[in-house]
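Since the structure comes first, as structure tokens, the remarks are kept for the end.
The values are calculated or read from the model by the stated rules, or taken from the named source; none is laboratory data. Just so it is clear, the structure is predicted and the values come from calculations on it, not from any experiment. Glycine gets a Cβ as well: all are built from the backbone with ideal geometry, and neighbour counts include every protein chain shown. Accessible surface areas use protein heavy atoms only, side chains included; no ligands, DNA or RNA. Shrake-Rupley method; radii C 1.70, N 1.55, O 1.52, S 1.80 Å.
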Amino acid sequence: MSELMAPALAGAAAGLGVAVPVGAMGVLLVQEGMRDRRDAVAAASAVAVVDLAYAAVATALGPLVAAALSGVEAWVRLVSAGVLMVIAVRGLWGARRSVEAAPPRPGGAGGGAARTFARFAALTLVNPTTALYFAALTTAQGAALDGPGAGGLFVAGVFVASLCWQQLLVAAAGFAGARISPGVRAWTFRVGFGLVALYAVKVAVPLP
């Protein structure tokens, strides 16, 4: 039993390690949680699914993932930064509207849970940090993840931990968003999209 628990717990720790630090995606998830519960659940699920996919690929391929991204990592970061900056600018522009208006959504209009899922999955996919994180981690784990059993339990642990954290994040945002005034809520969006712009600059530097 302990042999089964070890890779699952290692995966859970790895999932929390990549999910808990609130970066640009965390800010966008919080804002989605303050707008619409159903869309926020879809967005959080999308981030967790991408974490699952990256963990699975990294567990299967390990060093090959890091090698494949090493030559183009700077350009992938630049594309990611450009996407985040567009989101930030559109969000800040939309936040200039009346505080009674619906808050701006990342990347444009909503379109329901399915489109929200696709949008957040795409935003998470263009960030190479997650892939490199899992590639480095699984390479370091080495023989401990040999075999489909241990690798599968590790990936499952990543997914469960990431999903639980992302859902907790949007649930807390929804709880808080329903209890603050429209004016304060509007300022949270201004500050949030401002942070996204700062993250975009951080991701882009140094330039390729």
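Before moving on, here are some points about what is shown:
- Residue that is nearest to Ala60 (Cα to Cα), among those in the stretch 145-189 that are surrounded by fewer than 16 Cβ atoms within 10 Å (Cβ to Cβ) and modelled with pLDDT of 85 or more: Leu168
- Note on the stretch 195-208: residues that are open to solvent by less than 40 Å² (accessible area, probe 1.4 Å) and at pLDDT 80 or above amount to 1.
- So Ser2, is it polar (S, T, N, Q), closer than 14 Å to Asn127 by Cα and at pLDDT below 75: no
- Considering the stretch 104-118, and only residues there that are open to solvent by less than 40 Å² (accessible area, probe 1.4 Å) and modelled with pLDDT of 70 or more, the residue that is nearest to Gly82 (Cα to Cα) turns out to be Thr116.
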